[in-house]
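Take a look at the structure below.
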Amino acid sequence: MKKFMTGNDSAALAAKLARVKVISAYPITPQTTIVEKLSEFVANGELDAEYIKVESEHSALSACVGAAATGVRTFTATSSQGLMLMSEILFVASGLRLPIVMTNVNRSLSAPLSIWCDQQDSVAVRDSGWIQLYCENNQEILDSTIQAFRIAEETLLPVMVCFDGYILSHTAEPVDVPEQSEVDGFLPQYNYPYALDPEHPGSIGAVGVPDYYEEFRFMLQEEMLKAKEKILEVGKIFAEKFGRKYGLLERYRTEDAEIILLTMGSLAGSLKDMVDEYRQHGERVGLVKLRSFRPFPVRELKDAVGNAKAVAVLEKDVSPGLSGALFSDLSTALINSKKSPLLMNFICGLAGRDVSPLQIREAVKSTLEAVEAGEVKNPVRWLGLRETLMGLR
Amino acid sequence: MSSHTSTKKLLPGAVIMDPGSTEQNETGSWRSMRPVTDYEKCTSCMSCWLYCPDSAISCEKPPKVDYRYCKGCGICANVCPVKAITMVPEGQK
Amino acid sequence: MMKNISDVELLAPGHRACAGCGCILAIRYALKALGKNVIVSMSTGCMEVVTTPYPETAWRVPWIHVAFENVAAVASGVSRALKVLGKRGVKSVAIGGDGGTVDIGLQALSGAAERGENLLYICYDNEAYENTGIQRSGATPYGAWTTTTPVGRVKRGEDRPKKDMPAIMAAHGVPYVATASVGYPMDYIKKVKKAASIDGPTYIHVHAPCVLGWRIDSSKTIEVAKLAVLTGMWNLYEIENGVTRVTFKPPRRKPVSEYLKVQRRFRHLTDEEIMKIQQMVDEECKRFGIE
C-alpha cells in the first residue's frame, strides 16, 4: 500500500513493522519525529513495546545493549551530537557483537552549532564496527531499516541506517509499505544465542586481556568483511519478496562512462538528474551511489569505476587535515590496481547548504580538466563556498 | 595476567559461557601467611566462613579452610570470637 | 543466626580481588540474598575487573558489563526486556562502585530512578577510584589521603565532605533506599532481600573497606567496617517511602579517632582536624537520632 510519508515516518514505521520490543529514545533535531511517532504507536497500542524515556543518548544506546543482550529486538534513533555522545557505546555494542539496529539522521556536527544536514556525524564513527547503510529516498529508508534487522541478527553486527536530515527526514514522498504479515515472513524471530538467562548463566563484557583482545578484533573485522555477502543475500531475498532491489551500491549509467560521480545519500537523486542531462548532450557521465559504507565494497567499486577516466567523489563531510572520508576510503580501494582512474574530491552541502546544478557542473568541469591534463593538482576541492572566501584557498 | 591456552572456541563478543571458571585459578599461591585452626577452641559459629572474601572456608561444622584459594588475608583469624585461628607463615607447620 | 544465609556460592573463588577485599564481600552477600534468578549489570571498576579476566569468570549468574557511567541504563534495558519476555521471577540488579555511581554514573541512575525502572541498584563504596589506583571520588570522606588528594604543605587530603548519595536517591521518591556495611552482613542481606522484592527502583549503598586504598592490614577489613558504624562515621538506616528508620544504633558511640587511627589514609590528621571530623559526625548522627 502506498503512503505519503516523511523519511522519519518511514523509519518509525519500519521499526514498528519489525515488531521491535524495546525502544529507548532521546530527542534530537532532526530525528525527533521518529521518537514521537514511535511513542504514538506505543500509546495507541499499535506497537507492543517497552518505550524507555531515557535521559541521554548515551543511556539510550546503553539500554538497547542491555535489552538486546537479554534477548529482545531493540531500536534507537539519533543524530549528530547524540551520535557523538553515544559513540563510546557504539564501539562496545559492536565489540560485544550485539544485533542492534539504529537510525541516524545525518546532521552536521558542532561547532559551529548546526541542525542542518551533512554526513559528518555517521562518517566520523565509521571505525565503530557498525554496518552503515545510506539511503537515497524514503522508500530506501523503509526498506533498508527492515532489512537491517535481518542483517544484524544474522551477522551479530549492529547496523545503522543513515539518511539526510531535513532533505529526507522531513520531506514526504510516496512510499510502498508492505503488509505486517509480509514483514513477519521476512524477519525471523529475534535470536541472540548468548542471551542473559539464569538457566544458562554467561558473562558478557569480560576484560579482554592482551592474550585474547587481538583475536576478538580480528573476528569483528572478518565478520564485517563477510557482511558484504550477507547484505547482498538479504537484499536478494527482499527483492524476491517485495520486488525492490538492493545491494552494496547502485550503478547508474556507468557502463561506458568516462567520468563517474560517486556519492552516498539523497544527493544521488539529484546527481541522477544531472547524469541524464549530461547524457542527453552526449557526455559520458555516470553515477555510483554507495549504499554500504561499512563494510566498504572494495571489489564492487573497483568493478564499477575501474574503467572510467576519472571519479569525482561528492560528499558532505571532511576529515580536516586530509580530505573527505569517502574519497580517502575509495583511494584505499583502488590502491595497487594496475589501472586506476584519476580521483577528485568535492566537499559540498555542509550544514544543509544546497548542492546546486551549477556546483555539480563546476565539479564535472574540474574533473574533465584533470583528465585533459592527465593529472590532478589539489584533488580536494570545495563547492559552493562564498566568493569572498575564494581568496583564502 | 596468567596466560591460559584455551582450547575452547572463542565466542563472538568475548562472551564467556563457563560460569565460575575462575575456579581454575588457584589463588592459594598468593599467600605468605596461612590460617591454622585449633579445633579444640572452635565452636563452629561460622564467622570465618561468613567473612571470607574468597569463599575459601567450607560451610560445614566445623568449617575447614580450602587452601587452594585462601589468600592468607587473615580476616578469619581477626573475626573468630574465640581466637581459634592463628596466622602462621606459609610453609611453617 | 547463620541458618538464614544461603550456603550457595554464586561468586566462585579464584577471582583476582586483593587479599582481604571488602567489596567482594559486598558482592558475595548480595548474591546470597538474591539467589540465582537475577541478571547482574555491572559498571567498570574493581569488581568487574577482578571477576572476569577472559576467558574466566567468577560469576555463576548471568552478568553483563558495558561501560563505566551507564550501568543504571543497561540494567533498565535488561529490566524492560525481562518484562517483555514475561520473566517475572528474574530481577535486574545493577552494581557499581562509588565512582561509577556518585560521579560519572549519577545521570544514568537519576534517569532510571525518575522513570521508576524496576531494578535494584547496589553501590559498593570503597570511597575512591580504587581500581585505577586510589584516586578520589565524590564519596571520598573529608580528610582522607588519596593519590589525587595527597597530603602536602598546601593541601592536606580531601577537602570536601562525602556526597550524600542515599539522600539524593531518596529525593527521587524511590520506594526504598538503605545504607549497609560489609561489617554487618545480616543487616545488609536483609536489606537486599527487601529491596529486591519491591517492584520499582530501589537503592542500597554498602560501605566496604579497601585494604590498599585505606591503608589497612588485610586482616582488618571487617574490624574497620564495624568501627565506621560504631563511631557514627557510617550509619545504617532505611528510607522507605520517604520515612527514615535507623536499623542499628551503636550502644555507646565511639570517638571517631578510633576509626581514623587504624587507617593510614588518615594518619596525617592533626587533633584539630580530627575534632572537626568529630563535629561533622556528631551533627550527622544527631540528624538520625543517634546519640
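The values are calculated or read from the model by the stated rules, or taken from the named source; none is laboratory data. Quick caveat: nothing in here was measured; it's all calculated off a predicted structure. FYI the Cβ positions are ideal-geometry reconstructions off the backbone, even for glycines, and counts take in every protein chain you see.
Things worth noting here:
- Inside the stretch B:25-68, residues that are in a loop (DSSP other than H, G, I, E, B), crowded, with 18+ Cβ neighbours inside 10 Å and under 11 Å from the mean Cα position of the chain (by Cα) make up a count of 6.
- Any hit, the stretch C:43-54, residues being under 30 Å from A:V20 (Cα atoms), in contact (Cβ under 8 Å) with a residue 24 or more places away in the chain and either among the aliphatic types (A, V, I, L, M) or within 13 Å of chain A (Cβ to nearest Cβ) (or both): yes
- Residue within the stretch A:15-22 that is basic (K, R), over 25 Å from C:S110 (Cα atoms) and in a helix (DSSP H, G or I) present: yes
- Test: A:L261 is farther than 20 Å from A:A15 by Cβ, surrounded by 14 or more Cβ atoms within 10 Å (Cβ to Cβ) and either touching a residue at least 40 places away in the same chain (Cβ under 8 Å) or more than 14 Å from every other protein chain (Cβ to nearest Cβ) (or both): yes
Here is a yes/no grid of residues against (1) assigned to a helix (DSSP H, G or I); (2) over 30 Å from B:P12 (Cβ atoms):
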{"residue": "A:R217", "(1), (2)": "yes, no"}
{"residue": "A:L220", "(1), (2)": "yes, no"}
{"residue": "A:M224", "(1), (2)": "yes, no"}
{"residue": "A:K228", "(1), (2)": "yes, no"}
{"residue": "A:I231", "(1), (2)": "yes, no"}
{"residue": "A:I237", "(1), (2)": "yes, no"}
{"residue": "A:E250", "(1), (2)": "no, yes"}
{"residue": "A:I260", "(1), (2)": "no, yes"}
{"residue": "A:D273", "(1), (2)": "yes, yes"}
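- The residue that is farthest from the other protein chains (Cβ to nearest Cβ), counting only those in the stretch A:191-225 that are over 30 Å from C:K87 (Cα atoms) and exposed (fewer than 14 other Cβ atoms within 10 Å of the Cβ), is A:L225.
- Residues of the stretch C:151-189 that are part of a helix (DSSP H, G or I), more than 14 Å from chain B (Cβ to nearest Cβ) and over 12 Å from the mean Cα position of the chain (by Cα): C:A167, C:I168, C:M169, C:A170, C:A171.
- Residue in the stretch C:239-261 that is charged (D, E, K, R), at positive phi, at pLDDT 95 or above and surrounded by fewer than 17 Cβ atoms within 10 Å (Cβ to Cβ) present: no
- Flag for A:V288 being among the hydrophobic types (A, V, I, L, M, F, W, C), away from chain C (no Cβ under 14 Å) and either in a loop (DSSP other than H, G, I, E, B) or buried (at least 18 other Cβ atoms within 10 Å of the Cβ) (or both): yes
Residue by residue, here is whether (1) in contact (Cβ under 8 Å) with a residue 12 or more places away in the chain; (2) in contact with a strand residue (DSSP E or B) (Cβ under 8 Å, 6 or more places away or on another chain); (3) away from every other protein chain (no Cβ under 14 Å) holds:
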residue	(1), (2), (3)
A:I115	yes, no, yes
A:I141	yes, yes, yes
A:S144	yes, yes, yes
A:E153	yes, no, no
A:G165	yes, yes, yes
A:T171	yes, yes, yes
A:Q180	yes, no, yes
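- Options A:I100, A:I34; residue that is surrounded by 22 or more Cβ atoms within 10 Å (Cβ to Cβ), in contact (Cβ under 8 Å) with a residue 12 or more places away in the chain, within 11 Å of chain C (Cβ to nearest Cβ) and not basic (K, R): A:I100
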